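Where a number appears in this text, it was derived from the coordinates with a stated rule and is not lab data. These numbers come from a predicted model, not from an experiment. In this analysis, Cβ positions are derived from the backbone assuming ideal geometry, glycine residues included, and neighbour counts consider all displayed protein chains.
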Amino acid sequence: MRRTRTVVNRSALGVAGLVLLPVGAWLSVTGTSLARRLPSWWPGPSGGVLAAPDRLDRLDRLRGEGWWPPSVLGAALLLTAVLAWWFVAQFRSGPARSLPLAAPGGTMRAGALAEALARRAAAVPGVARGRARVVSRSRRRLDVRLRVWLGPGTAPADVLDALAAVTAEAERSAAPYTTHTRLRISAVPHRMPRVR
């Protein structure tokens, strides 16, 4: 469902852009002083639906009203802001809200899985703290990013086996999904005392 929605949204945005870009270019070029410099084959506003005499009279009357220009400008700005927000939202690949499990009707929040994974990693002796993020990349694949900070004097080799067991447990709990786990190990910086 999510991939279908993304494809539909991107297709709708592309079609809207392909329609609005030439229409906007045509309207901006033919209504200005550039219209005299256009080639003879370029369509001008002299004929067609936009230039019907009764419509031009109504448009001139509306332009004379004091409320018309701010209303048109406000509507155009609002529409542009909404479409820009929609466009940016298409590229956001945030974590999945809930992950369906193998059991019928069973779901699990991705944030809950990430929080449990971070707590289990932080409980490993020698780990000062942990942070996890679970992102659904497709219907059957999860990307798990686990970052742990080691306590002072702890070597990565000392905690690697325990962290591998924690990530294996997380992979089993997300059973219908295949998980791709990325583990990043950092050391907690310790500051040297200053002497004044």
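Data overview
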{"quantity": "q = 0.16, 0.19, 0.26 Å⁻¹, the stretch 105-196: log10 I(q)/I(0) [Debye, one scatterer per Cα]", "calculated": "-0.64, -0.83, -1.32"}
{"quantity": "Sequence ranges 149-156, 60-67, ranked by mean other-Cβ count within 10 angstrom, highest first", "calculated": "149-156, 60-67"}
{"quantity": "Directionally averaged shadow of the stretch 80-159, computed from the convex hull of its alpha-carbon atoms, nm²", "calculated": "8.0"}
{"quantity": "P(r) weight above 14 Å for the stretch 129-181, C-alpha pairs, percent", "calculated": "56"}
{"quantity": "Interchain or long-range residues, amide H under 5 Å from LEU101's placed H", "calculated": "GLY106, THR107, MET108"}
